[in-house]
Amino acid sequence: MDIPYTVTARKDTGLYNAKVGIWLFLASEVMLFGGLFSGYVFLRVYADFPWPERALPVVPGLINTFILIGSSVTIVFAWAALKMRKWRQFQVFMIITLLCAGLFMVLKGIEYKAKWSHQAVRMKDFVVIEGHTHKATIDNTGHIHHYHPEGEHGEKGHAAIGDEANGMILVAAEGDSHGEEGHHSDEGLTQSEPFEFNRVVFKADSVTVDLEKFYDPVIRDLMKQAQDQGKSIVLTGDLYGRSTHEVDEKLLASKGDLLSLGMLKKLRAVHLDAKAHNAAIKTKQNRKAWAQLRGSLPKDQKGAPSYKIKGDLVLDEEFNKFLVSAPSSVRFEIMDAAEEGTEKTAASATFVLKPREVREGAESSSLRDGTLLEGELDAKHSQIEMAADAIDFRFVAQRAVEKGIDPEVAIQNTWLIKNNPEVKELWAEHKSHIDKLAKELEKHGFDKNGKPKQFPTDTERYRMGWQELVNMGEGKEVMGVFSGFAGPNHKKDYAKHFPEIVVPREETNLESKFTPRWNNYYAIYFLITGLHGLHVIGGALVLGHFLFCGKKMYLNNPERLANRVEVGGLFWHFVDLVWIFLFPILYLM
Amino acid sequence: MADSVAEIQKAKKLYLFIGLTLFFFTVVTVAVATVEILDFGGRGFDHVDAVIGLIIASIKASLVMLIFMHLNHEKKLVYQLFIMGIVLGVFLMVLTAWAFSDPIRYGKGTTEANKSGFYDPEKAPQD
């Protein structure tokens, strides 16, 4: 079937059909992005936290703007080439357009990756610390070591971590023969993949699994971690149970059996079966008791029992003998995996857990699936250790003003200033800089009330960003335009000026990467740019189709292909249009 | 609509010029936002900067729409569809803004923060 009006215009609309279609679609897109932009305004106007102004690195955004505008030019050139029947030229411009789309997505990817690996911590007193968490490895004896990839941070980074003056020494191995922290040359010890220092570390002697709620990945993770340390999780005692159709209780699992998902699933089946059976028995028991009670109730005139209950429900004890029993949770112990035939000895294994998946306690921690770990919380290693590239007191200041407290006093009383001498020193230096700046700005004159017309912004006053931290360092590192391309780069030399901060977990209020979870700004940022990125990919796919599969149509009906490219181009321009607004709103405001 | 070869050749020059103009405006946007002496209004970002940024963005968007998307010479129907999109888009924005006048109030609704009708746990009535 021939599609009508692909080249010629319809009389009533004066347009070929595809153009009507794309404009209808674009109208709906205007509504979609318009709604999202108004969502942004809404979130920003009523934000109850200091909105991260100009928080994104401008250079990648700027390059991306150039790329998209450039590709908008090349796509109209490609269309013009088709109109003039120059296939080769069309191909060239189309390829440039697609390369632009690819480059845009690569830059977007770099930017996203920087966000997803950048740690933020909000303290209970609303101090916000941003930076990169240190990494650690765990060896097969369960000891934790700082992880130092060759070349990264170098000697200085290492020294900073062990700095006595810091008041917080992060030595890993607890006074044993493994030597000082950071040395991962221990003979014969294999170490795990490095994990980040924002985890909960728990030294467990026993694991109690909730048979109803246990979740396979959680159990699998525990088994793997124990196995890596040469430990095994074994059953502490024989388990007996009886399911519906069995007369006697039988052995379900015996002491010393290894934890396995198969075993848990078998136990779960028996438990659920027994539970259902018992529930049915209880229902029957209750029904019988009710029937008896109703029979003894006085009847009204129509013969129906009146429900003024006098007396108790008498349950028939006979039913209880039908009840079956099966365990609802199983306790395992951690053992040293011994050689065949020898006795296993009790031990403990160190589990490294994601903070979101565990409710930690000093002596027992429960995982998200109800699995209970008993033992001892490794509080020292459950702290968040990071090299901070920004320390932000704006939120403290905002809360202080709301409560009618002097922000400076509030900041002086924060946990971080009180406990970290290095930050205290930096803050004092920062304040002197800002006071100097305020003096300088007084040259712009004063208003009627005697207040200076220009004064440092809240961001300048209360936030120490990474450039400032570097500038306050002794070396005055020279930073090029690209040294912080997608944010502060902790692999560069200047990173040695980032203060080392250790935050106990109980002092924190929220810790997150720079993901939608961190705050509304990042939520809307990822939502709109993500959707825009999908548009770029979709548009590139369609344009790529015209480029790689269009030759046949070009030979048969070049005008039709030109119209297709025009319509695809209209969509592409729209994608550019959205970015023209996104760039200033998200990157510059 | 530019249909003859000569017209398209002429249009190509215009497209290139518009592209360069857009580059220029992009640089202006960044300069206005980052260079200190070009910081209009109060120091740092404020409503003046927001208005300037949005005006430049609107100029850029208009250029893209008028030239690249051929809205400077289109058929009537396209304008109708486009205006419908804008009108409904604005309607959606107003719909979101409508939440600002949410009649439901928590607490006494006297403080600035509370007038918006947003939930403030500290001012919520205790039951």
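The values are calculated or read from the model by the stated rules, or taken from the named source; none is laboratory data. Bear in mind that the values here come from a model prediction, so they are computed numbers and not experimental data. Here Cβ is always computed from backbone atoms with ideal geometry, including for glycine, and neighbour counts include all displayed protein chains. Surface accessibility is based on the protein's heavy atoms, side chains included, excluding ligands, DNA and RNA. Shrake-Rupley method; radii C 1.70, N 1.55, O 1.52, S 1.80 Å.
At 7 Å along Cα-to-Cβ for each site, give me the label-to-label distance between residue A:439 and residue B:94 in nm.
5.5
What FRET efficiency comes out for the pair residue A:429/residue A:54, r = Cβ-Cβ distance, R0 = 25 Å, nearest 0.05?
0.65
Count the net charge of all other residues whose Cβ sits under 12 Å from the Cβ of residue B:52, scoring Lys and Arg as +1 and Asp and Glu as -1.
-3
At 0.36 nm per residue, and after removing the present C-alpha to C-alpha distance, how many nm does the segment from residue A:189 to residue A:534 gain when stretched out fully?
Between residue A:189 and residue A:534, full extension yields an extra 119.6 nm.
Keeping every protein chain in place, order A:392, A:300, A:316 by accessible area at 1.4 Å, biggest value first, i.e. largest first.
Largest accessible area first, the list is A:300, A:316, A:392.
Residues of B:33-40, mean number of Cβ from any other protein chain within 10 Å of their own Cβ, rounded to a whole number? Don't skip to the end; give the middle numbers.
Details: counts 6, 4, 0, 0, 0, 0, 1, 0.
Per-residue shielding by partner chains comes out at 1.
Hey, got the average number of other protein chain Cβ atoms within 10 angstrom for residues in A:35-47? Working shown, then result.
Details: counts 7, 3, 4, 8, 3, 1, 3, 5, 1, 0, 3, 6, 0.
Taking the mean over all residues of the peptide, I get 3.
Averaged across the residues of B:70-80, what count of C-beta atoms belonging to other chains lies within 10 Å of each residue's C-beta? Walk me through the intermediate numbers first.
Details: counts 6, 1, 0, 0, 4, 7, 3, 9, 10, 1, 2.
For this peptide, the per-residue mean of nearby foreign Cβ atoms is 4.
Take residue A:523 and residue A:491, extend 7 Å from each Cα along the Cα→Cβ direction, and tell me the distance between the two endpoints in nm.
Taking the simple label geometry, residue A:523 and residue A:491 are separated by 3.4 nm.
Where only protein heavy atoms count, and the probe is 1.4 Å, what is the accessible area per residue for the protein assembly as shown in Å²?
That works out to 51 Å² per residue.
Would you please give the FRET efficiency between residue A:216 and residue B:72, computed as 1/(1 + (r/R0)^6) with r the Cβ-Cβ distance and R0 = 60 Å, to the nearest 0.05?
Values: r = 62 Å, r/R0 = 1.03.
My answer for the efficiency is 0.45.
Under a plain spin-label model, where a point goes 7 Å from the Cα along Cα-to-Cβ, how far apart in nm are residue B:37 and residue A:354?
With each label placed 7 Å out from Cα toward Cβ, I get 5.2 nm.
Exceeding 24 Å between C-alpha atoms, which entries from my cross-link table qualify? They are A:11/A:551; A:11/B:60; A:203/A:224.
A:11/A:551; A:11/B:60, as the Cα separations exceed 24 Å there.
Applying 1/(1 + (r/R0)^6) with R0 = 30 Å to the Cβ-Cβ distance of residue A:6 and residue B:54, what FRET efficiency is obtained, to the nearest 0.05?
Rounded to the nearest 0.05, the efficiency is 0.15.
Exceeding 25 Å between C-alpha atoms, which entries from my cross-link table qualify? They are A:113/A:354; A:231/A:354; A:124/A:354; A:344/A:380; A:213/A:266; A:354/A:496.
Beyond 25 Å between Cα atoms: A:344/A:380; A:354/A:496.
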